[in-house]
Every structure is written in C-alpha cells, then in structure tokens.
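Notes follow once the structure below has been shown.
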Amino acid sequence: MPILFGYFAHLQMSTVAISHLSKSFSSGLFRKSNIQALSDVSITVSKGEIFGLLGPNGAGKTTLVKILLSVVHPTSGTATILGQPMGSTGIRERIGYLPENHRYPSFLTAHQTLLHFGRLQGLSKHFLSSKASELLRVVGLEEWSRVKIKKFSKGMLQRLGLAQALLNDPEVLFLDEPTDGVDPVGRKEIRDILKGLRSAGKTVFLNSHLLSEVEEISDRVAILNKGEVLSVGTIRDITSHALEYEIRLGIAPSEPVLQKIGALSRSLETNQLTLTLALHAKEDLNKILQILLQEGMSIESVMPRKSRLEDFFINLIRTRENP
Amino acid sequence: MKALSLSLLTIREAILKGTLLFYFIVGNLIILFFAAAVSGSMESGTLTITMFGSQLTPRGLEGFNPVEFLLRQLFQSASSAIMLFGIFATAGLIPSMLEKGTVELYLSKPLSRSSLLLARSFGACGGIGANILYFAVGIWAVFGIKTGIWHGNFLLASVVAIFIFLCYYSVVALTAVITRSTAFSIMIAFVFTLFSSALEVRQTTLYVWWENAFFHRFLDSLYYATPRISRMIDQAANLVGKDITTRVLAEQASAGFDILPFVYSFLSASLLYALAIVYFFRQDY
Ligand SMILES: Nc1ncnc2c1ncn2[C@@H]1O[C@H](COP(=O)(O)OP(=O)(O)OP(=O)(O)O)[C@@H](O)[C@H]1O
Ligand SMILES: [Mg+2]
C-alpha cells in the first residue's frame, strides 16, 4: 500500500507524466514504410515549471505534443495530464495549446477568432469579450483586434495564437515553437509572458529548436533526437557533464607541465595564464591541480566552465550520429 | 453547448464565405419575381391564376388547383437546385476544419471528434436549412397574399427538404473526412447524384450491364445503403400537390406520400455519418 500511495503522490506531483510513449507512422499506400517518430519516451513535468523540449527537425517534438493533445494516437504507451489520462475531453478544458503552423479562419478578425475558439472551449460569451480584449493587449495586438486575420503577418499570427492558447486560463500550456517568426522584441515579450505564467503556478511545456531561448527560461529540458530522449534534466545538470574547467595561474606554465596535464585531459588550450581543459573524469581535476602545485605554480582560480547548451546539444547529436 | 456553438459558428463561416449570402440574394429575387408575376382572382367559385397576365389553364382536369400545381412545380425544381447549390456552398466546411494547422486547434478543444464532425455537418445543413425556410416562407406568403390560398403543405414539404439535404450531406461528410478536399467532396456528391438516379432504375438499366446475380445483389445493397435523394424529393413534392403528369397517364395513380424512402434514407445516412465518424476517430492529424 505505501508503495501505491507513493506512486499516486508522484502522479499528483507531476503535471504531465509521459510513460513509454511510442509512435510509428505508416505511410505509403502500397509499399508500406514505417517512420518511427517516437520510441519509448518517458518524461515527467512538475507543476509550475517551464519545460523545454529540444531537438533537431524531425525529432518528434510536435508528434509528442500532438499525442498529449490527442490529435495523434500513440502506437503504445500512456500519459497523464493533471492526473487524468490524456485524451479525456474534460482535461482539454484545462489545457492551452499553440500548435505549430496554426491557421485560423482568415475571414475572422483577431477578436472574433478568440471568441470563436473560446466558445469551443466552453467559455461564456460575456466572459470572452472582456478576456479577448485583455489578452490581445497582453500579446500586443490591441490595435489589430478588429482587423481581419488575412492581413496579419506571421509574427502577429503567432501572437494571436498565444492569446488563443491562454483564453481558458490554462493550468498547463503546450507551446510548439511559440516564437517562430516573432521579432526580437516580441520574443522577449513572449518570454516575459511565460515567466509571468510560471510565477502564477502554471506549467509550460515548450517545444523549440532555439536553444538560447530555451536555455534562458526553461527550468528543465529534454533533448529528443529521432524519437529518443537523449537527456533530461536542468540545464546545469545537462551541461555539467561536459567537465570543462578554466584554471587561472599566477605564472605561465612551462612546456613539460603542459604536456603532463595534456596527457590527463581530453583537450587543452592555453591563453597566457589561463588553461581551458576538458577532462575524461572528475577525479582528474585533482590530479591536475596536484601536478600544478608540485610544479610550484600558484593557482589563482579554478572554475567549471559552463558549456553552452548549444555546444552540448550539437555534441550530443553528433556523437549519436557517428559514435 | 459547445457543439451548438460550433454549429452556429459553422453557419456564420458559410455566410461569411459569401456563397450562402449569394443564395439568400437569389432567393429574394425569386420571391420578388413571383410577387410581381402572380395574381389570382375568384370567378364564380373557381380560382384562376395569371402569371404576367397570362392565365394558367386547367387542362381540363377535374379539381385542378393552380396554386398547388405551381407550387409543386416550383418545389420540385427548386429543391433539386438547392440540393446541388447547397453542396457547393457547404462542401468546404468540413475540409476547412481539417486543414493542417486548423484541425489541431479543433481537436485540442474539449469536444469529442464525433461532436466536432456532427456539429460541423449540422451547422452546414442548418445554414442551408435557414435559407430554405426563408425562401419557403417568402413564397408561401406571396401566394397566400396574392391568391388567398395559404398552402401549409408547402411549408411542411420545405422542412422535409431540409431533412433530405441532411441525408445528402452525409455523402459529403464521409468524402470530406477521407479526402480532406472540397473539390473531391463536390465531385463525389455529384457523381453520387447521377449514380443514385441510375440505381433508382437499376432493374432496367444497370442490371443489363452484367447478368450476374451477385452483381445485381451488389447494386441492390448499394441502393439500400445510400440515401435516395430524388425519391425523397418526389415524395415531398407529393405533399405539395398531386403529380398532374401521373394523373394524366394513369387516372388511378393518386399520388400519396410514401414514408419508406425517408426511413431507408435516414438509416443509410446515419450509416454514412457513422462511417465518417469512425474514420475521423482513427485518423492522426
Ligand atoms: N502525419 C504524419 N504522417 C507521417 N509521418 C509523420 C506525420 N507527422 C510527423 N511525421 C514524421 O514524424 C517525424 C517527427 O516529426 P515531428 O513533426 O514530430 O518533428 P519535430 O521535432 O516537430 O520537427 P520540427 O522541428 O521540424 O518541427 C518526422 O520524421 C515526420 O516525417
Ligand atoms: Mg515540430
């Protein structure tokens, strides 16, 4: 029993719990070919966090979100959202979704669009008319609210899509490339909106291939490649595996010293008094420091070098591609 | 509630797209035409109707009712036209919901796929239905005012016409869900119309193509599995007035109202809608 309780407590904690989801698309009418879009994906997202799902084109990010929103049926596996099985109609009242490349009926105005989709969400007309104006202000489309959508630019559509996703004050928000086509100022605004949502206790599930952006706002990320989760964790967790350090010395090291250190590290760069090195194992750092002290070098500082998510990402995908 | 608002929004989409509005205008013009053309007068207990001044002759038939006759003619031609033009106006409504980028939005709303599809279909039929009713009431009123005969059955037949359209639309709904294409849906609906009239008289036409019992049963099953549009229109027209031509040909053939085509069509349309829903449920978007 306690184990069961623990299990349910865990489910309660995680707002989105994805367990062993797989999806293969079969295409071709006569010669069937299977595309494995997702294989055995398990991810949990806790309440109040911004979770970034990263991956190159075709990794399966969109497919994963579509499965959670029951737009696509999984081949196997399950997921729960807010403790309820995905695909239940009730759960969709508490979710917001900004699909990739969304298209709205072009003959509607921005305001009408929000009313239209808000009604489908089950919201009252009265509530919607004020909510729509408020959200259009939030996403910076106030002046465009009575303009037909067909006159909108890509970034404006994206902003409208975000407003649409926020109509029902969702507890969980799924955003598929929310800043696609949005200008830098708009991106900053969207990031601020997302941070605001996080402080209000909402959970955000963000798909993106814009690493710097995800790095800035996500609490945790998962890296997906060819349908497989390669890595999950906080940005710091993920990137600290790189074992890169920067050592500043009081005096320039001699060539033999550098050779000794070089033998212990994966890579070594020197820039006058600064050594930048990547190690094979954490223990090697102590060995290197010992060598430096024995050689009478004075150590001014040792700092783990936080490799940027991008470096990590590219390395990870590359090593997967040609191991 | 959500499904109802989707239906209403669908009607609005059809109006905003322009075609329904166009039909509304055409409908008004036809009503105006009859208002200008028709006038009636009572002379020694018999009603005579004139269209632009020329009198409708009773062709020597006993009990000839010119209003019934005119309205039946009008009903028969208008309802066939409305079926075809109605498909033009509404065939795009399901494919537009299924467009990439839009379908995700609809599917992620708290509505089941069956309500989405049915709400969309009923919305489409509702738009056409509103047009039909408006037109019918207009014509009915024109004749009522001009001739003093308020022919209630004409209104009844118009309501029946809405039902017929709903059955017809099941063909569009199924094609649209499978092909996601407006053009295909219209094409299949028209091919279906041709084919269904051929099936109607299969004993004398299609049967002779291949004298094979299996083939004949296959044609029979197709006939029973699909809605019978023209049969139903004929029956609804019988509600409006007697079929003069049949009466001339065979004096006995009193044109009654036969409910069976409606029952069969209702069942087969339900089957087509159900197939569309099943297909929709299974799809990934
Ligand atoms: N409806 C579908 N039918 C067949 N294959 C599909 C379908 N949808 C996606 N796929 C395939 O699944 C894989 C994953 O696609 P997905 O759209 O999830 O990638 P993504 O990570 O979102 O890429 P991007 O960054 O370009 O948006 C791709 O190989 C794609 O071709
Ligand atoms: Mg994608």
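The table that follows gives values for the structure above.
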{"quantity": "Per-residue HN-Hα couplings for the range A:56-61 [Karplus 6.51, -1.76, 1.60; θ = phi - 60°; Hz; x = Gly/Pro]", "calculated": "x, 4, x, 6, x, 4"}
{"quantity": "Over 26 Å between alpha carbons, listed pairs A:Lys125/B:Lys17; A:Lys226/B:Lys100; A:Lys188/B:Lys17; A:Lys131/A:Lys154; A:Lys61/B:Lys2", "calculated": "A:Lys188/B:Lys17; A:Lys61/B:Lys2"}
{"quantity": "Ellipticity estimate at 222 nm from DSSP helix runs (n ≥ 4, -39,500 (n - 2.57)) divided over the protein assembly as shown, nearest 500", "calculated": "-17500 deg cm²/dmol"}
{"quantity": "Listed residues B:Leu239, B:Asn153, B:Leu271: farthest to the positive end of the dipole of chain B (Cβ charges)", "calculated": "B:Leu271"}
{"quantity": "Residue-span extension gain [B:Asp258 to B:Phe34] - 0.36 nm each, minus C-alpha spacing", "calculated": "77.7 nm"}
{"quantity": "Table column - 3J(HN,Hα) (Hz), the range A:248-254, Karplus curve with 6.51, -1.76, 1.60, x for Gly and Pro", "calculated": "9, 10, x, 10, 5, x, 7"}
{"quantity": "Environment charge of B:Ser170, counting only residues whose C-beta is closer than 14 Å and scoring Lys/Arg +1, Asp/Glu -1", "calculated": "+2"}
{"quantity": "Computed E for B:Tyr224/B:Leu156 - FRET, C-beta separation, R0 35 angstrom, nearest 0.05", "calculated": "0.85"}
{"quantity": "Two-site label geometry, A:Ser267 and A:Arg248: point separation in nm, points 7 Å out along Cα→Cβ", "calculated": "2.3 nm"}
{"quantity": "Helix A:110-120 axis, angle to chain A major axis (alpha carbon atoms, nearest 10°)", "calculated": "80 degrees"}
{"quantity": "Cβ-Cβ FRET estimate between A:Thr319 and A:His73, R0 fixed at 25 Å, reported to 0.05", "calculated": "0.15"}
{"quantity": "Neighbourhood net charge (15 Å Cβ-Cβ; Lys/Arg +1, Asp/Glu -1) for A:Thr89", "calculated": "+4"}
{"quantity": "Cα-centred dipole magnitude for the protein assembly as shown, charges only on beta-carbon of K, R (+1) and D, E (-1), debye, nearest 20", "calculated": "540 debye"}
{"quantity": "Area accessible to solvent at B:Arg12, 1.4 Å probe radius, in Å²", "calculated": "90 Å²"}
{"quantity": "Size of electric dipole in chain A: Cβ of Lys, Arg +1 and of Asp, Glu -1, about Cα centre, debye, nearest 20", "calculated": "1360 debye"}
{"quantity": "The range B:2-282: relative contact order in percent, alpha carbon pairs under 8 Å with at least 6 residues between", "calculated": "24 percent"}
{"quantity": "Percent antiparallel among DSSP beta bridges (both partners in the protein assembly as shown, rounded to 5)", "calculated": "75 percent"}
{"quantity": "Net charge over other residues, Cβ less than 13 angstrom from the Cβ of A:Leu249 (K, R count +1; D, E count -1)", "calculated": "-2"}
{"quantity": "Per-pair calculated FRET efficiency, R0 = 45 Å: A:Asp311 and A:Phe25 via Cβ, rounded to 0.05", "calculated": "0.90"}
{"quantity": "Selected from A:Gly52, A:Val147, A:Leu162, residue furthest toward positive end of dipole (the range A:2-236; charges at beta carbon)", "calculated": "A:Val147"}
{"quantity": "In range of the label at A:Gln36: residues from the range A:69-89 whose backbone nitrogen is under 14 Å from the point 7 Å along Cα→Cβ", "calculated": "A:75-76"}
{"quantity": "Whole-Hz couplings from phi, Karplus 6.51/-1.76/1.60, listed for the range A:267-274; x for Gly and Pro", "calculated": "8, 9, 10, 10, 9, 6, 9, 10"}
{"quantity": "Accessible area (Å², per residue) of the range A:241-321, counting only protein heavy atoms and a probe of 1.4 Å", "calculated": "63 Å²"}
{"quantity": "Qualifying aspartates and glutamates (Cα of each under 18 Å from Cα of B:Lys146; at least 8 residues distant if same chain)", "calculated": "B:Glu43, B:Glu68"}
{"quantity": "Accessible carbon and sulfur surface of the protein assembly as shown relative to its total accessible area, %, 1.4 Å", "calculated": "60 percent"}
{"quantity": "Heavy-atom accessible surface that A and B bury in contact, both chains counted, 1.4 Å, Å² to 100", "calculated": "2500 Å²"}
{"quantity": "About the Cα centre, charge dipole magnitude for chain B (Lys/Arg +1, Asp/Glu -1 at Cβ), debye", "calculated": "700 debye"}
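The values are calculated or read from the model by the stated rules, or taken from the named source; none is laboratory data. Owing to the predicted nature of the structure, the values given are computational and were not obtained by experimental measurement. Using ideal geometry, Cβ is built from the backbone for each residue, glycine included, and neighbour counts are taken over all protein chains shown. Ligands, DNA and RNA are excluded from the accessible area calculation, which covers all protein heavy atoms including side chains. Shrake-Rupley method; radii C 1.70, N 1.55, O 1.52, S 1.80 Å.
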